[in-house]
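See below for the structure under consideration.
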Amino acid sequence: MHTTSNHARTLTLILAAAAALTLPFWASDQYQLHLAALIAVYWILISGLNIVVGFTGQLSIGHVGLLSIGAYGFCILAGKMELNPYLALAISGGLGGICGLALGLPSLRLPGFYFAMATMAFALIVNEIILAQVDLTGGGIGLVGPLFTAPFDTPSGFYYLVALLAGFATWLTWNIARSMWGKGLIAIRDNPVTAQAVGVPVFRAKLVAFVFSGVLAGVSGGLFASLQSYITPDTFVFELSMFFFVCIIIGGRGSIVGPFLGTVVLTALPEMVASLAKLGNFFYGLLLLVVVLVIPEGIGRMLQLIYERIKPREIESIPIQPDVKGLIQTLSDTVSEGGPIQVEHISKHFGGVAALDDVSLTLAPGEIHGLIGPNGSGKTTMLNLLSGYYEPSSGDMLYRGQDFGASTVQQRARMGIARTFQKPRLLPELTVLENAMVGAWSESTSGFMASAFALPGVRIEDRFLRERAAQLLVGVGLGGVMHRRANLLDHAQQRFLEIARGLALRPRFILLDEPAGGLTSVEIEHLGAVIRAISLSGIGVLLVEHHTDFVFRVCDKVTALNVGRMIQHGTSDQVRHDPEVIRVYLGA
């Protein structure tokens, strides 16, 4: 199935490359060549913007400002200063990246709508600066767009230049999309809590992606200026920025092919209805409306659905069958040594409410520690404190003698603390295998640009992480569904996938938040076998669970809470028969 898909993708790329290379020979006139060059120029910018919008989920609608910075930078450097145009183009890309950094540093911390407004304001500010700096930019009169030197000084030569750069930009973004960085960016888009839990540095990742898109926007601006021959501030209207954004929305998020097709269609559409110029906006709006109503996930998703219809896939129910021995072997080979986690007199207050009050416990490597109590007793609060989502109001959390109570969620992941959630937090558009791989983010050492260029070390690391994630999936019983999309899993499979993702982090401790919730008795037995295998490999387990029979059966130690205070701690038998635990939680 996957081999067929790869062959189809390869054939599509070969045909597209052949069509692009031969276009100057079969184009009926020079304007068609100009239009094709314009599509390529736009796509260079949109390919980078797609990483920001389609993969990271940041609503940037001001990239026309970065385009104009690249365009004016190129005209000033190659025109006024008579710098080599190729060097001027590279510097224009650098200017776009620097301005992207200057814009992203303060604004990427804002929520989605406010970030979009910040990028729009940036575009308006750039336009006003261009109008004001008459000596440098020509003000409202504008500047001449310099031509490139031979062999790119003719229409066909320039087309080949922009087509080559567009292909290069596509290759870079394709590599990013397939890398651990791409999976991390999708995690930020679809579930920021999950992204933090596996160690993705959310702000830094968003900033790096935005700067990368700024570089491509600057390069696109330089090429745009040369293609247009003359630029003025009126060339860079805000509608152009919305055009870039809509190309990605129509193409579909998380896709490379979809936004490219969106760029082609929306750039060519005004020319296709040129005889009905007055209705041009009508057709443009009609296409957007049809896409939003009929295929809201975009052209890319539509193509995937067509392929699935041509090659139907039977979604059968595959039971969970853990490979306990294999799981122990896989985990034992990677678990590093470490001491216990000591929680001493920890308290957490929300206003005047004490969610936890003077609670102490110790998590030892290789030990299964149960945490029980009625709803509202502070169990999940304890998990959130240990995993970094909350900071304690008082008390100490020690590991190897160091207090880590103020460290971030990502730092906890690098310490080796993994967790699952009451409601599984998966990345629905990724496969089961890719979801498990995301858990290994903190293990990945590949940088963003190394991933973009698909350096050998990146490919070796990706292969290793993929193989290990596959071994973990087989170990927890999901070997038969690892190539299925996560949104097609049943509830039990989602629970086990979250555990596999946590184990991919190579944790010293894993925090399980009600993993037996919604499982059948057989699935609970499988869960118990997996948890025991985890502990036998040397990983400490903190199990929060309402299935008390299950807790007492699998746990070495149990702590019982009630209204934020510890009421009993000891072995399963000691806690099970404690009168206070029976009174407030277990009942008669």
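Structure notes:
- Apart from one condition, Asp396 fits all of (1) in contact (Cβ under 8 Å) with a residue 40 or more places away in the chain; (2) assigned by TED's automatic domain parsing to the domain that holds Val541; (3) closer than 24 Å to Glu545 by Cα; the exception is (3).
To keep it simple, each residue is scored yes or no on (1) of a type outside the set (Ser, Thr, Tyr); (2) more than 37 Å from the chain's Cα centre (by Cα); (3) under 14 Å from Gly218 (Cα atoms).
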| residue | (1), (2), (3) |
| --- | --- |
| Leu87 | yes, no, yes |
| Gly93 | yes, no, yes |
| Cys99 | yes, no, yes |
| Phe113 | yes, no, no |
| Met117 | yes, no, no |
| Ile129 | yes, no, no |
| Gly139 | yes, yes, no |
| Pro146 | yes, yes, no |
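- Restricting the stretch 206-215 to residues that are of a type in the set (A, V, I, L, M) and in contact with a Gly (Cβ under 6 Å, 6 or more places away or on another chain), the residue that is surrounded by the fewest Cβ atoms within 10 Å (Cβ to Cβ) is Leu207.
- Residues located in the stretch 33-67, provided they are small (Gly, Ala, Ser) and either surrounded by fewer than 24 Cβ atoms within 10 Å (Cβ to Cβ) or more than 24 Å from Ile250 (Cα to Cα) (or both): Ala36, Gly57
- Any hit, the stretch 431-438, residues being assigned to a helix (DSSP H, G or I), farther than 24 Å from Met415 by Cβ, touching a residue at least 24 places away in the same chain (Cβ under 8 Å) and among the charged types (D, E, K, R): yes
- With respect to the conditions (1) assigned to a helix (DSSP H, G or I); (2) farther than 30 Å from Leu363 by Cα, Leu472 falls short on a single one, namely (2).
- Scanning the stretch 113-156 for residues that are hydroxyl-bearing (Ser, Thr, Tyr) and either farther than 16 Å from Gly73 by Cα or part of a loop (DSSP other than H, G, I, E, B) (or both) yields Tyr114, Thr119, Thr149, Thr154, Ser156.
- From the options Ala492, Ala486, residue that is buried (at least 20 other Cβ atoms within 10 Å of the Cβ), more than 20 Å from the chain's Cα centre (by Cα) and under 21 Å from Ala197 (Cα atoms): Ala492
- A count restricted to the stretch 196-230 and to residues that are more than 29 Å from Pro85 (Cα to Cα) and either in contact (Cβ under 8 Å) with a residue 12 or more places away in the chain or not in a helix (DSSP H, G or I) (or both) stands at 10.
The values are calculated or read from the model by the stated rules, or taken from the named source; none is laboratory data. A quick note: this is a predicted structure, and the numbers were derived from the prediction, not measured. A quick note on method: Cβ atoms are made from the backbone with ideal geometry, for glycine too, and the neighbour counts reach across all protein chains shown.
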